[in-house]
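Below: the structure, in C-alpha cells.
Just so it is clear, none of the values below were taken in a lab; they were calculated from the coordinates. All values reported here derive from a predicted model rather than from experimental measurement. Every residue, glycine among them, receives a Cβ derived from its backbone with ideal geometry; neighbour counts consider all protein chains shown.
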Amino acid sequence: MTGGEQGTATEVGHVSIDINGRPCECGNVGCLEQYCSAVAIHQEIVERGLVHGAESMSHQQACQALFAAAENGDANAQELVQRIGRYVGYGCVTIINAFNSRRIVIGDIVSHGGRILLDAACDVVERRVIPEVKDETTIVLSDMSPDATVTGAAAVAIEQLLSHPTLLTSRGESDESREPDEPSSTVP
Ligand SMILES: [Zn+2]
C-alpha cells in the first residue's frame, strides 16, 4: 500500500475522469467520487425519482433501495446501477495502470451493487486495459460491511505500530525532553 509523503496517496476517488466534469470539494473537477460515491448515487436516485422517499433516507439506505430495485428487475434502477458500475470500472482501469494490481476488491456501499454493477465494471476494464495485464487482474466485490474503511484504517495504524514499536515510546521521550512551556503572560 502506497501512503505517499503526507499519507494522502492512492486517493483514487479524487482521480479525475472528466476534466470538464462536476466540481469536487478537493478543488479538482470530474473526480471519480462525484459519480459513484454513496453521496453522488443518492443524489442521482433523488434526481431520477427512482426510489420513493429517497430524499429522507440516509445515503446507505437510498443506495440499498436502488440495488434492491435493480435486483427485482426495475429497468431504470438497473440502468443507473450499470452506469455506477462503469464509473467503478474507470477507477479500476486507473488502479490497474498505476499499480498493476493482481486483485481489486470493490468495497463500501457500491459492493452491494451485485452482479449488475460488477459486470459493468469488468466490461469497462475488458475494453480499456491491455489484455496481458487485464487477464492477470481479478476484480471482486467485498463482502465486508460498508464501514470496512474504518476497519482498514485501524489495521493500518496497528500495522504501523507493530512495525515501529518505538512510535509510542519515542513520543514519550520527546515529551520528556521538550522544553517546559513558556510562562503564561501576565493577566491583568
Ligand atoms: Zn476530488
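Legend: translational diffusion of the chain by Stokes-Einstein, Rh = Kirkwood radius over C-alpha pairs, 10 °C, 1.306 mPa s; D = 83 µm²/s. Taking Cβ atoms as reference points and 13 Å as the exclusive limit, the residues near Gly3 contribute a net charge of -3, counting Lys and Arg as +1 and Asp and Glu as -1. Across region 4-60, Cα pairs under 8 Å and at least six residues apart give a relative contact order of 22 percent. All C-alpha to C-alpha distances of region 55-120, sorted into 10 Å bins beginning at zero, yield P(r) values of 21, 48, 23, 7, 0 percent in whole numbers.
Beyond 15 Å, the tail of the calculated P(r) for region 2-75 holds 61 percent of the Cα pairs.
Taking every DSSP helix (H) stretch of at least 4 residues in the chain, weighting each as -39,500 (n - 2.57) and dividing the sum by the residue count yields a mean residue ellipticity at 222 nm of -16500 deg cm²/dmol.
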